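Right, one structure below, let's go through it.
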Amino acid sequence: MTQPELPLFCGHDSDAPFIWRDGEVLSRRRFWAQAQALAAELPEAGAAINLCEDRYHFLLSFVALLLRGQINLLPPDRAKHTLQGLVEQYPHSYCLVDQAQPELPGLRQWVMQIPSEALPQGGPIRLAATQPVATVFTSGSTGHSTPQHKCWGELYHGAQRNRQALGLAQGASLLATVPAQHMYGLETSVLLPLVAELVVASARPFFPADVQRALQALPTPRYLISTPLHLRSCLQSELRWPSMAGLVSATASLDAALAEALEARFDCPLHEIYGSSETGAIATRRRAAEDVWRLHPGLRLDRVEDGWSVAGGHLSAPRLLSDRLELSGEGEFQLLGRHEDLIKIAGKRASLSDLNHQLQAIAGVEDGVFVAPEQAGDGGRLSALVVAPTLDRAAILAALGERIDAAFLPRPLYRVASLPRNATGKLPRKVLSAFIRSLKESVRGQ
């Protein structure tokens, strides 16, 4: 039976803008020609660890690898042991980089160069819907990072439904502060430009002033794709923002008050995406106006022994969800937190996500997180890490005591300069545990 095929690169107007880079707009025709030329230069292999940081370089190499039939391996981080583990797992792979990485000795590296100008060869390329194209990895925030294999049909249809759910206008400009290697960044800043005819900026600005300048350089309508932590930083900067069509957030649930403040400051709607590395984006909501999430078209939730699974739509098979849900209506649900989020102390139950929300809502707290006892090794007591330059421990604990049951007050509570969040604002469990161990050793050494 012949497998259905789907276009790798959509767009009827080859001269239409595709990406904004260093003040220059590059056309879809130019990108397609460069991707084909790059594909011919790639070394022979079955897969490549795509570490390109510049979004244009990543897009070029992502497509070039597909043209050569090589799989994009997208690691959860750039730690040397992570990459060495990938090479051991995929022995015929190499690291594809946009500049040499001297801190990764012993790893086979191939430095990409943007090919010279060329003309596109042949007609539009189509891939089998079942063709494996990428392997993404879970963040490790709830344990070990695990690989998730993606075929072209799942990514293609997922991007189309994502654009529809977010209401993105064809030809709109996107600026993303998240890396392309993360599932959220891949779906929004790579797949949307490829298959939904949107235009993306190559920059990935970090500081609010840089985000502002990058947005000002884009034509309207423009959207900012970011995370709650980054959006909160932009809000606190009190900068004047250019005209925006919308904000998009993911990787953690937004507080309603923060969502309302962001909509007021940017004068545009803010939509959240709910999904995971396993499922991709499966639901959206406008947090300032509603609590419930709405599934993307064609998807359904099924009750299973361990909770809920999602099936249909872009998914090639049902996927088990790690969150607890409560159905609110046809295709609508509320999130109740992750299964491993529930903790019990002195016969009382609480959710870590709710405790984090209460901590972060305290005036003067810039960031903070509760850590479960089994992670911290604190004899059954919760720990907490807090970024609050103007508050001491007593003030933080007093404010928490007005918000949560005394059984869940953290002992110890560490005041820190920053949390070890990754590029998408998450706190991988291994990194968090190592960070706490270093704090304990520092205290013992005093």
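The values are calculated or read from the model by the stated rules, or taken from the named source; none is laboratory data. Quantities reported herein were computed from a predicted structural model and do not represent experimental measurements. Reconstructed Cβ throughout: ideal geometry from the backbone, glycine too, with neighbour counts over all protein chains shown.
Which one of these is β-branched (V, I, T), assigned by TED's automatic domain parsing to the domain that holds A176 and free of Cβ contacts under 8 Å to residues at least 60 places away in the same chain: I71, I49, I114, I125? Spell out how you get there, then give the answer.
Numbers: I71 fails: free of Cβ contacts under 8 Å to residues at least 60 places away in the same chain; I114 fails: free of Cβ contacts under 8 Å to residues at least 60 places away in the same chain; I125 fails: free of Cβ contacts under 8 Å to residues at least 60 places away in the same chain.
Testing whether each residue is β-branched (V, I, T), assigned by TED's automatic domain parsing to the domain that holds A176 and free of Cβ contacts under 8 Å to residues at least 60 places away in the same chain leaves just I49.
Residues being in the same structural domain as V199 (by TED's automatic domain parsing), surrounded by fewer than 22 Cβ atoms within 10 Å (Cβ to Cβ) and not in a loop (DSSP other than H, G, I, E, B) are represented in segment 102-110 by at least one member. Considering segment 400-432, and only residues there that are surrounded by 16 or more Cβ atoms within 10 Å (Cβ to Cβ) and of a type in the set (S, T, Y), the residue that is modelled with the lowest pLDDT turns out to be T424.
Yes or no, residue by residue, for (1) under 30 Å from V136 (Cα atoms); (2) aromatic (F, W, Y); (3) under 15 Å from the mean Cα position of the chain (by Cα):
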{"position": "P219", "(1), (2), (3)": "no, no, no"}
{"position": "I225", "(1), (2), (3)": "yes, no, yes"}
{"position": "L231", "(1), (2), (3)": "yes, no, yes"}
{"position": "A252", "(1), (2), (3)": "yes, no, yes"}
{"position": "A257", "(1), (2), (3)": "no, no, no"}
{"position": "L270", "(1), (2), (3)": "yes, no, no"}
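Suppose the filter is over 17 Å from H182 (Cβ atoms), surrounded by fewer than 18 Cβ atoms within 10 Å (Cβ to Cβ) and without any contact (Cβ under 8 Å) to a residue 40 or more places away in the chain; does E24 pass it? Against the criterion (over 17 Å from H182 (Cβ atoms), surrounded by fewer than 18 Cβ atoms within 10 Å (Cβ to Cβ) and without any contact (Cβ under 8 Å) to a residue 40 or more places away in the chain), E24 qualifies. Residue count for segment 237-263 under the criterion of being over 19 Å from F206 (Cα atoms), hydroxyl-bearing (S, T, Y) and touching a residue at least 40 places away in the same chain (Cβ under 8 Å): the result is 1.
Can you name every residue in segment 27-42 that is of a type in the set (A, V, I, L, M) and either surrounded by fewer than 18 Cβ atoms within 10 Å (Cβ to Cβ) or closer than 20 Å to A176 by Cβ (or both)?
Step one: of segment 27-42, the residues of a type in the set (A, V, I, L, M) are 33, 35, 37-40, 42.
Those that are of a type in the set (A, V, I, L, M) and either surrounded by fewer than 18 Cβ atoms within 10 Å (Cβ to Cβ) or closer than 20 Å to A176 by Cβ (or both): A35, A40.
Taken together, the residues in segment 46-59 that are more than 18 Å from the chain's Cα centre (by Cα) and surrounded by 24 or more Cβ atoms within 10 Å (Cβ to Cβ) amount to 1. Of all residues in segment 259-268, those satisfying the criterion of being of a type in the set (D, E, K, R) and either under 21 Å from the mean Cα position of the chain (by Cα) or outside any loop (DSSP other than H, G, I, E, B) (or both) are E260, E263, R265. Close Cβ contacts (under 6 Å, 6 or more residues apart or on different chains) running from residues in segment 297-310 that are farther than 12 Å from A283 by Cβ to residues that are among the polar types (S, T, N, Q) comprise D302/S309. Answer with yes or no whether T227 is closer than 27 Å to L355 by Cβ, in contact with a Lys or Arg (Cβ under 7 Å, 6 or more places away or on another chain) and of a type in the set (S, T, Y). No.
Per-residue answers, yes or no, for (1) of a type outside the set (V, I, T); (2) at negative phi; (3) in a helix (DSSP H, G or I); (4) in contact (Cβ under 8 Å) with a residue 60 or more places away in the chain:
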site	(1), (2), (3), (4)
A281	yes, yes, no, yes
T284	no, yes, no, yes
E326	yes, yes, no, no
R349	yes, yes, no, no
I362	no, yes, no, no
